[in-house]
1. Can you give the accessible area of Arg484, probe radius 1.4 Å, in Å² rounded to 10?
2. Based on the Cβ-Cβ distance from Leu458 to Val215, what FRET efficiency comes out when R0 is 22 Å, to the nearest 0.05?
3. Using Cα pairs closer than 8 Å and at least 6 residues apart in sequence, work out the relative contact order for region 360-495, in percent.
4. Which of Tyr536, Gln557, Leu458 sits farthest toward the positive end of the charge dipole of region 457-569, with +1 on the Cβ of Lys and Arg and -1 on the Cβ of Asp and Glu?
5. Any idea which of Met423, Gly401, Thr349 is furthest toward the positive side of the dipole for region 333-433, if Lys and Arg beta-carbons carry +1 and Asp and Glu beta-carbons -1?
6. May I ask you to give the percent of accessible area on region 393-508 that is carbon plus sulfur, with a probe radius of 1.4 Å?
7. With a 1.4 Å probe and all protein chains left in place, how much accessible area per residue does region 406-515 have, in Å²?
8. At 1.4 Å probe size, put His210, His533, His175 in order of accessible surface, largest to smallest.
Amino acid sequence: MPMARQMRIAVHMEGEMEIEPVAHHVGSMKADDAGRLNSRSATGGWTAAIFNMGVEIAERSAYFGVSSNLISYLTGPLGESMSSAATAVNVWSGVSSMLPLVGAFVADSYLGRYRTIVLASLLYLLGLGMLTLSSMPPTMNPSECTDFTACPRTQFQAGVFYFSLYVIAFAQGGHRPCVQTFGADQFDENNLEECKSKSSFFNWWNFGVHATSLVTTLALNYVQDNIGWTLGFGIPWIFMGVALTIFLLGTRFYRCHLIEDKNPFAKIWKACATLINSWQRTSIFATSTNGSTEALLPHASDRTKHSGYSQHESIDDAGQEEEAKGLLQLFPIWAACLTSAAVLGQSTTLFTKQASTLDRRIGTSFQVPPAALQSFVRISLIAFIPVYDRVIVPMARNFTGLPTGITMLQRIGTGLFLSVIMMVAAALIEMKRLETARDFGLVDMPDVAIPMSMWWLLPPYVLDGIMFVLTFVGLQEFFYGQVREEMRSLGLAFYSSVLGAGELLSGFLVSVIDKVTGSRGESWFSDNLNHAHLDYFYWLLAGLSSIQLGLFLCFAQSYVYKKKVPTAL
């Protein structure tokens, strides 16, 4: 029988030694955030994780069911211009991606992940319910509208609609960082087999979410465009109700973590303050002469002599300094991935605009919608995850001995390299598209399809999906594992904020370049894409991605992982 509990010794500033039991092994008992004792042999593992995957699949289907076709609703029933609608969608998406930082703070400091998920789900239901009601046509007589799905809504309905959107944004801000964290919590990282399962969990989590949302999003978009917006928004409300039900049904299988008495964020603030004070003291000694330094040392010795707990305080300060340094190491990695997040956003914007100018015929009459090509990102993502998890990782494991095959930073770096290749490929394809338009005399005819197959765009879309698996799924696992256990919701919120900041960066670059180039002649982003220079923009992103990769390699080389991965039971 393994030991039921392992003992952890914590040194406090008061100089006391406390022995704290920590449950890790199968068969031990662990209290959850509701105060119950659960046997680890009967909780956690894939059973609990599958419940969490089901919750996330339903929630993501609801979220993408609203976000994927939002611009069509704003330009249709709400009657907004294309520019104002695009701005509204970008702002909402950016805010939605940054709010998980707030949700993570609330979960890790006050409520716990379980309670935050429940409350966020209830708020989600409220927001989706209001959204559905606000989308109802002002008249129930279809003959009064030329297009019933685009029947104009009132100003009051528009106000309620926007309010509902931001209620949903706040709800997913609490839901998104907690559910995946809670699912990963079901695996004990101190056990070799469960450590392997935890690494696979992040892969299969994304597989399930993207595979299901691909199908549901296409179906919901059809309903919204051809049947009605009220039903199109009502179905996500049902999805969210299913998500909450699934989560509550799995309660007895969950391993939950108690919230510590002290706010973890207050501890981090104190650790950073301690580190700053240490740097200041080091700077003072470094700039002092030998004589003045020697003069200062006796005073420091006297303070140590006359302080009752200064020795223990020094030990505690040293530990806090190391913790603060570990957190500060995360920010260069975060910043070094922003350009890739901006690259990721091109598949839903500029790639789609390119596709609209190409020959999209299948057979003699069927035309593929330009936005439908985005599905190849998810298809490549779904196809690559099993290859990575079941082929690449086991092969790499034989050489490295690591449960994850390669390190998390090696995985992320490989994805960053692919982002460079992806942008180079996109730039070359756009150069080919412009050359074809010139050869056939179509430069001034933007509405005429260029005799160039849409399948030319397939490589960037496929690379987009593979890059996501390597870089962004890797970032999920990295940020989860490299923060304190009680702050892991914040860790996954860091991942989400990379995507949000990347979207804002992409929008900023496009806005600035459009103004600068437009003031000097034809903009790189001209409405007539045959006059535009998307290839220049892609080369710029390729260059920025190359610089980003170089910085990442420097940061990764000096990075010290928080803890070693177990290599034996």
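1. Result for Arg484: roughly 50 Å² accessible.
2. The formula returns an efficiency of 0.60 here.
3. Value for region 360-495: 31 percent.
4. After comparing all options, I get Gln557.
5. Thr349
6. On region 393-508, the fraction of accessible area on carbon and sulfur atoms equals 69 percent.
7. Result: 35 Å² per residue.
8. Greatest to least solvent exposure: His533, His210, His175.
The values are calculated or read from the model by the stated rules, or taken from the named source; none is laboratory data. Fair warning: this is a prediction, and the values are worked out from it, not measured in the lab. So basically every Cβ, Gly included, is an ideal-geometry build from the backbone, and we count neighbours across all protein chains shown. These accessible areas exclude ligands, DNA and RNA; they are computed on the full protein's heavy atoms, side chains included. Shrake-Rupley method; radii C 1.70, N 1.55, O 1.52, S 1.80 Å.
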